[in-house]
1. Hey, what's the per residue convex hull volume over the C-alpha atoms of the stretch 317-373, in cubic angstrom?
2. Check which residues have an amide H placed less than 5 Å from F211's amide H, if you skip close sequence neighbours.
3. Return D312, D87 ranked ascending by Cβ neighbour count within 10 Å, so the fewest neighbours appear first.
4. Summing +1 for each Lys or Arg and -1 for each Asp or Glu, what net charge is found among the other residues whose Cβ lies under 13 Å from the Cβ of V75?
5. If the stretch 287-415 were replaced by its equivalent ellipsoid, with semi-axes equal to the square roots of 5 times the Cα gyration tensor eigenvalues, what would those be, largest first, whole Å?
Amino acid sequence: MKKAFCNQKNVRLDKSEHFSTFKKNAIFIFSHQHKIMNTTINQSLVFTQIILCSFFIIVFTTSKVNRKANNLVAVLLTLFIAFASFDLVKIFAPGIEPYPVYIISSIALLLIFPVFSFYVGALYNISHKNVLIHFILPFVAFLLLLPGLFTNWPAPDYYNNYLIFIPSSRSETVWAYFIANDAFFTLQFFVYALIIVKQIKKIRPVLEENFSSMEGKKLNWILYLLAIVSSIYIFYFVIEVFTNLSVEDYDFIYYIYSVLLLMAFMYGAYRQNEFAYLTETHKKADDDKLLNTNTQFKLSPEMSRIIRQNLDRLAKEEKFYTQRNLTLQELAKNLNTNKNIVSQYINQNLNQNFYGYINSLRVEEAKKLLSQNELEKYSLEGIGYMAGFNSKTTFNTVFKEQTGMSPSEYKKRMSE
């Protein structure tokens, strides 16, 4: 009986060991399949980035609108391909010495930020002064990275331990280069983010002195893009510190956000082609003229009276403010005078800028239209278009700012 009990116990132990072995094998197979699946997806995502960049390089270089800005977009996409070269080599040719490719990738990334700043300036037809100063940091980074070519680099084992540019084995010299370069990346991004935000904020008062519509001119999509990239930096910092993701999972997250970010940028840049405003309106204007559209001087009472009479006449006879995308230059031309004189009249006598003045007239026109029973068949969007607004969103925003209520609330009140 004791022998039978021992045999039964041995059978249970054998089954337990067999189950444990099966469990380990299953976990290994699942992990291996998961790794293969993620690697395949990552390869597809990298390939997608290259295809998208290549296609849109052709699209932007062949565009006839806003050529300077579009050429800079093409340069940005080319730099992104160079930046992605490290991932291409890592995934498709892991046997190649990685460090030279990493140098190319790093310098490309450091050049992306200055070129992006040039792109924003090109949208506003503003040239950067002291262009070479923007390339000092990439050059310094190159000098710091160059000696790494002569250190012992642990390829191809580097690819097997790849995680956030931190291999498990490398010389202290290479480690120092990577830490320095990562610091350059982070510092440069936030510096240029501040420069770009400053650029956009600096030009907005100029826009409001020259244009009656801000659609496509405020470049909010660029500000959103910068905010997203900033949040991604924070997100990856949290991942590095508080998680222990596998190489494949980390790459998967990285490639997904790269593709989405790339698509968002290309969509925004492509849509921006529809608003070739400053490059068309201020073709012959230099930077100083563009940033100082209004010369400060005081109009004489007689000049103010003439401008007021002509504006009243145009408003009554032609309703000039209902012209969508009306510019200060076009209004001045209709008044047979200089745009600085018109702008000064609006600033001095009405205490408004051109944008506020035109939209106040549009709101008054919209109020009249909303009060007419025969126009009840028109939608609020249609009323907004008739008053000169470009979109329903702008109509609702401006109307509420000036009246304290939405167009629908105003219409409802008028019908009571």
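Each reported figure results from applying straightforward, stated rules to the coordinates on display, with no laboratory input. Nothing here was measured: the structure is a model prediction, and the numbers come from that model. Methodologically, a virtual Cβ is constructed for each residue, glycine included, from the backbone with ideal geometry; neighbour enumeration extends over all protein chains shown.
1. Roughly 87 Å³ of hull volume per residue.
2. L328, Y355
3. Lowest count first: D312, D87.
4. Its environment carries a net charge of +2.
5. Working from the Cα gyration tensor, I get semi-axes of 30, 15, 13 Å.
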